[in-house]
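Working notes for the structure below.
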Amino acid sequence: MTVGDTKPLEVAVVGAGITGLTLAAALRRAGIGVVVYEKTNAFGDIGAGIQLAPNAVRLLHRLGLADALAAVSVRSTAIEIRDGHTGRVRDLISLDDCENRYGAPYYLLTRFDLHTLLASQLPNDVVQLGKACVSVTESDAVVQCRFADGTGAEADVLIGADGIRSAVRGARMDDRPDYSGYSVYRGLVDANGLPISFTEPRSVIWTGTDRHFVCYPVAGGRMVNFVATVSAQAWGAESWSEPGEVDDVLDAFADWDSLRPLIEAAGTVTRWGLHVREDGLDWTTDRTALAGDAAHPMLPFTAQGAGQGIEDAVALTAALTRHGDNVPLALQAYEQARRPRAVKVQTLSRDMARTFHSNATEPQQHPEARLASDSLDWLFNHDAEAL
Ligand SMILES: Cc1cc2nc3c(=O)[nH]c(=O)nc-3n(C[C@H](O)[C@H](O)[C@H](O)COP(=O)(O)OP(=O)(O)OC[C@H]3O[C@@H](n4cnc5c(N)ncnc54)[C@H](O)[C@@H]3O)c2cc1C
């Protein structure tokens, strides 16, 4: 891939999260030069799980990751929505036919395993650690980035994949994400000795007024991940995450008896304030683009944030491959293809909070597989590579 048929295209990516690493892997596969600049000095394990739906898994398969992904994931057979008080099933989405229907499974895994797997695709010199982007300047021909350590970098294109508090976004607009009114406790528990209801290969969502609780097995079934969401007026902490107390989770879900064995088994939990941004700022200029949470942070209630970042990465690569000699055109094509879909998923994620936190206690008379109803086809069948 060349710029004006003279020199190879060089892309700088700010942020080595799931979006940035997927983008680097996809660009390298397409023969496009890439360097990723990451502010942390080492990758850490935040001890949390992630669900990856077939719209994202299919794209990772195309990057040659099918076997490696299968080796660290649990293949989910269903998404089950239960009443928190009674435990009765309110809704059931079968994923038994997922591979036939969508060309890829629905996976449950740890974020650390996914991150490690993506990083392993890249030669060591592609990701530069300890590089916190502090400013971005753009001219007709190049884009430059300065880092907190006084160094800088120059590229033909710069992608801000630096998360919800994106510095690349901040270089264009001084806005702050808003607290959503929800905070979450996250726990990762040894599956050994837990009731089978927590270890079956499925995501279970316990719902009720002002709170919900999601759990699923990860790490090949050896661990169970949970995310307990509560409505909370304000998020006072400076940081977006802090240590939480297991007793607080037990208190918040005290009347949902079935959950007690799982919560009690957690030695530690972390507490996170969920933040959001309204869609407003354009994602692209002539030589920069935002991707992943930097472009479209969303509430985690459709389990699609990372999936949408993976879609962005593949769409950006397709756009730069197709229009590499005209970077502004490539970035416009990317934004046109991606923004309406990401905003639709953002909106759905916000609406799901209302569904999960409703006080409907009546189970469906005949809970039946919903996948057959086409209700999720638009989400799971989408091919982000086809611009
Ligand atoms: C409780 C919870 C559960 C979730 N569950 C799911 C799920 O099941 N499925 C799913 O698909 N999604 C889920 N998500 C959403 C998902 O975690 C995010 O959408 C995804 O991690 C975003 O990835 P990213 O790479 O865009 O951003 P990030 O993960 O935020 O990565 C950004 C990277 O940029 C780096 N960085 C930041 N600033 C700078 C700078 N100035 N210079 C250089 N580097 C910088 C950061 O250190 C980081 O490495 C969940 C989110 C939450 C909160």
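Miscellaneous remarks
- Of the beta bridges in the chain, as assigned by DSSP with both residues counted there, near 75 percent are antiparallel.
- Tail weight of P(r) past 25 Å, computed on alpha-carbon pairs of the stretch 182-334, percent: 44
- Charge sum, other residues only, whose C-beta stays under 13 Å from Val189's C-beta, Lys/Arg counted +1 and Asp/Glu -1: +1
- Each Lys and Arg contributes +1 and each Asp and Glu -1, all at the Cβ; summed about the Cα centre of the stretch 284-349, the dipole is approximately 160 debye.
- Relative contact order of the chain: 23 percent, from C-alpha pairs under 8 Å at least 6 residues apart in sequence.
- With the simple spin-label model, which puts each label point 7 Å out from Cα in the Cβ direction, the Thr355 to Lys7 separation comes to 5.0 nm.
- Per-residue Karplus couplings for the stretch 79-86, computed as 6.51 cos²θ - 1.76 cosθ + 1.60 with θ equal to phi - 60°, are listed in order as 10, 10, 10, 10, 6, x, 6, 9 Hz, Gly and Pro entered as x.
- Summing Lys and Arg as +1 and Asp and Glu as -1 over all other residues whose Cβ lies under 14 Å from the Cβ of Ala161 gives a net charge of 0.
- Charge-dipole axis of the chain as Lys and Arg at +1 and Asp and Glu at -1 on Cβ define it, positive-most pick from Trp272, Met352, Ser180: Met352
- Check: the stretch 1-134 dipole with +1 on Lys, Arg Cβ and -1 on Asp, Glu Cβ, in debye: 160
- Distance between the C-alpha centres of the stretch 297-360 and the stretch 28-61: 15 Å, rounded to the whole angstrom.
- When each of the peptides 61-72, 282-293 is scored by the mean number of other C-beta atoms lying within 10 Å of its residues, the order from highest to lowest reads 282-293, 61-72.
- Helix runs (DSSP H) in the chain reaching 27 Å along axis by Cα, Kyte-Doolittle at least -1.0: 327-356
- Farthest positive-ward along the stretch 1-71 dipole, Cα basis, beta-carbon charges - from Val11, Leu65, Ala30: Ala30
- Dipole magnitude for the stretch 93-151: about 200 debye, using +1 per Lys or Arg Cβ and -1 per Asp or Glu Cβ, origin at the Cα centre.
- Spatial separation of Cα centroids for the stretch 110-186 and the stretch 210-289, in angstrom: 23
- Calculated FRET value between Asp149 and Val35, using beta carbons and R₀ = 22 Å, to 0.05: 0.90
- With a cut-off of 13 Å between beta carbons, the residues surrounding Gly244 carry a summed charge of -3, where Lys and Arg count +1 and Asp and Glu -1.
- The slack in the chain from Asp247 to Ala234, taken as 0.36 nm per residue of separation less the alpha-carbon distance, amounts to 2.7 nm.
- Its alpha carbons considered, the chain gives a radius of gyration followed by a Dmax of 20.9, 67 Å.
Rule-based calculations on the coordinates, nothing more; no lab input. Nothing here was measured: the structure is a model prediction, and the numbers come from that model. Counting neighbours? That spans all protein chains shown, and the Cβs are built from the backbone with ideal geometry, glycine included.
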